[in-house]
């Protein structure tokens, strides 16, 4: 199987790349007329600050993913992690979230991270993203007053997502997935501190994203404090819906419906739709910009980072441990045999 993948990937990689570029281009072109009309009514400073909050939220999301990868025994420096995470994020513009994971898995092999580890780390990150998004959404649910049925589809997922976020449960789920693809289990169990750190960075992500939506809404009206709660909870639920409804590129449709529902109480439906459209455009531009910077910095890795023999990375290969010393960095944990698991690495938010 591995030999077949090795022969197919040189062909599949450029095809995936072309599809992603086409999907991103369509996302920009299909919204251009609505975006230019809505932008014309917004203050440029609000748009600029909202875009900055999107960038900061994306950086917080990266930190969360980076912690989870370190928990699986493969700590990476911030720049190396950004190369994998941000370029892979472009895959969400294709229907089905699997493309983001595929791209991240391939990029991570250049840094000697096994595909199975990248796969499970991204899967855990997606699960924690949903759990944290639903948590934030439920807090503001009494203020939303949205009549959209999507909210009631998401709410029953909250207890399940929180249970699956427990380190012991999360470890068992990951080990079961690794067993299904005939890979060795994790070198150590997930730690409370690691999961809390990843969850905490995701809460920062939702705070930044909610602030970006409030800044856009504030440019068209005066949503006030109640409007901020609506923006925070509504946008978290909107992106949670994007995670669940994987058939649409980046949750298109479900995301906009929840944003409009969240803002309906503080502005007209037309204005709320304009905010939702501009918000998606800002995220698209941010994704392209972050992925572009990451890809440019990764050119050397893409050319010289593969194994000198086959370029393949196995789960028995040693991880490339980065030297991390700053207060925001992630220390790496020891790798222990699966039958005598050591406690995981220690992390902080």
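For every residue, the table says whether it meets (1) out of contact with any strand residue (DSSP E or B) (no Cβ under 8 Å at 6 or more places or on another chain); (2) surrounded by fewer than 24 Cβ atoms within 10 Å (Cβ to Cβ); (3) at pLDDT 85 or above.
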position	(1), (2), (3)
41	yes, yes, no
46	yes, yes, yes
70	yes, no, yes
75	yes, no, yes
82	yes, yes, yes
86	yes, no, yes
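Name the residue, out of 122, 126, 135, that is assigned to a helix (DSSP H, G or I), more than 13 Å from the chain's Cα centre (by Cα) and modelled with pLDDT under 90.
Only one candidate passes the filter, namely 135.
Give all pairs with beta carbons closer than 6 Å in which a residue from region 223-236 that is on the phi > 0 side of the Ramachandran plot meets a residue that is at pLDDT below 85 and crowded, with 24+ Cβ neighbours inside 10 Å; count only pairs at least 6 apart in sequence or on separate chains.
Note: no pairs meet the criteria.
From the list 153, 160, 169, 229, which residue is buried (at least 18 other Cβ atoms within 10 Å of the Cβ) and either at pLDDT 90 or above or in a helix (DSSP H, G or I) (or both)?
Sole residue among the options that is buried (at least 18 other Cβ atoms within 10 Å of the Cβ) and either at pLDDT 90 or above or in a helix (DSSP H, G or I) (or both): 229.
Within region 289-299, track down each residue that is at pLDDT below 90 and part of a helix (DSSP H, G or I).
291, 292, 293, 294, 295, 296, 297, 299
Condition first: part of a helix (DSSP H, G or I) and over 18 Å from the mean Cα position of the chain (by Cα). Can you find one or more residues in region 87-104 that meet it?
no
Condition first: closer than 23 Å to residue 184 by Cβ and either at pLDDT 65 or above or assigned to a helix (DSSP H, G or I) (or both). Can you find one or more residues in region 20-38 that meet it?
no
If you take the residues in region 260-276 that are in contact with a helix residue (DSSP H, G or I) (Cβ under 8 Å, 6 or more places away or on another chain) and surrounded by fewer than 22 Cβ atoms within 10 Å (Cβ to Cβ), which one is farthest from residue 226 (Cα to Cα)?
273
List pairs: first in region 23-50 and closer than 23 Å to residue 90 by Cα, second surrounded by fewer than 18 Cβ atoms within 10 Å (Cβ to Cβ) and modelled with pLDDT of 85 or more, Cβ under 9 Å, 6+ apart or cross-chain?
28/285
Inspect all residues belonging to region 173-182 and state whether any of them is outside any helix (DSSP H, G or I), in contact (Cβ under 8 Å) with a residue 12 or more places away in the chain and surrounded by fewer than 23 Cβ atoms within 10 Å (Cβ to Cβ).
Yes, the conditions are met somewhere in region 173-182.
How many residues, within region 183-212, are part of a loop (DSSP other than H, G, I, E, B) and either free of Cβ contacts under 8 Å to residues at least 24 places away in the same chain or out of contact with any strand residue (DSSP E or B) (no Cβ under 9 Å at 6 or more places or on another chain) (or both)?
6
When you look at residue 186, is it more than 15 Å from residue 125 (Cα to Cα), in contact with a helix residue (DSSP H, G or I) (Cβ under 8 Å, 6 or more places away or on another chain) and either modelled with pLDDT under 80 or surrounded by fewer than 18 Cβ atoms within 10 Å (Cβ to Cβ) (or both), yes or no?
When the stated conditions are applied, residue 186 passes them.
Can you go through 108, 59, 70 and tell me which one is in contact with a helix residue (DSSP H, G or I) (Cβ under 7 Å, 6 or more places away or on another chain), on the phi < 0 side of the Ramachandran plot and part of a helix (DSSP H, G or I)?
108
The values are calculated or read from the model by the stated rules, or taken from the named source; none is laboratory data. Quantities reported herein were computed from a predicted structural model and do not represent experimental measurements. Note that we place each Cβ from the backbone using ideal geometry, even for glycine, and neighbour counts take in every protein chain shown.
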